[in-house]
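All remarks here apply to the structure that follows.
The values are calculated or read from the model by the stated rules, or taken from the named source; none is laboratory data. In this text, all values refer to a predicted model and were calculated from it rather than measured experimentally. Virtual Cβ from ideal backbone geometry, glycine too; neighbours counted across all protein chains shown.
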């Protein structure tokens, strides 16, 4: 059987022959935010083919967690690869500037997030779990900080739930920037966001992986 690329057009999945099996999530001003569930108190918009967090969210509530998320509505994923271009629009001299990749999203208090920042410390530049409690770091907190400018960067996230592996690649580097193992949440939706800053996101591609 031929593998398929799946495009979301006018709210429907349309199949076309391909070899990558990628799901491209189109972003357009015509579609606006209809494909995204907004979580938190940030302000989002769509300009051109970019999803834009134009006003930072402010953390609050009973648990410590990111303040502005945009969650793709369509499907729950278990084993997958997510690629997306990210750009921080926070000032370059702000060490705690950040953008997030969200996965395993089950509710506003249960999800994983990848935190990319301009500094590495116990709460920045790592892989975190929110599980009905304050966010908890899962990786070893030694990765170099790479989000130091306002340029676009291609980021790739690989998740294998049975093994629990989570690997995050930055740019063209073949070695993971961030890596850990955790099996708390087996599946969920994907998204992007920021803990408490601003950013932009474009060129989303998702590929479901065979379970290993």
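None of 212, 137, 163 is modelled with pLDDT under 95, surrounded by fewer than 23 Cβ atoms within 10 Å (Cβ to Cβ) and in contact with a strand residue (DSSP E or B) (Cβ under 9 Å, 6 or more places away or on another chain) except 212.
Taking the stretch 114-134 as the search range and keeping residues that are touching a residue at least 60 places away in the same chain (Cβ under 8 Å) and over 20 Å from residue 83 (Cα atoms), which one is surrounded by the fewest Cβ atoms within 10 Å (Cβ to Cβ)? Looking at the filtered set, the residue picked out is 132.
Yes or no: residue 59 under 15 Å from the mean Cα position of the chain (by Cα), in contact (Cβ under 8 Å) with a residue 60 or more places away in the chain and part of a loop (DSSP other than H, G, I, E, B)? Break it down into steps so the answer makes sense when it comes.
Details: under 15 Å from the mean Cα position of the chain (by Cα): no; in contact (Cβ under 8 Å) with a residue 60 or more places away in the chain: yes; part of a loop (DSSP other than H, G, I, E, B): yes.
Taking the combined requirement at face value, the residue does not satisfy it.
Restricting the search to strands (runs of 3 or more DSSP E) fully inside the stretch 166-212 and requiring at least 2 residues that are under 12 Å from the mean Cα position of the chain (by Cα) gives 189-194, 199-208. Among the residues of the stretch 112-132, the ones that are over 15 Å from residue 97 (Cα atoms) and in a loop (DSSP other than H, G, I, E, B) come to 1 in all.
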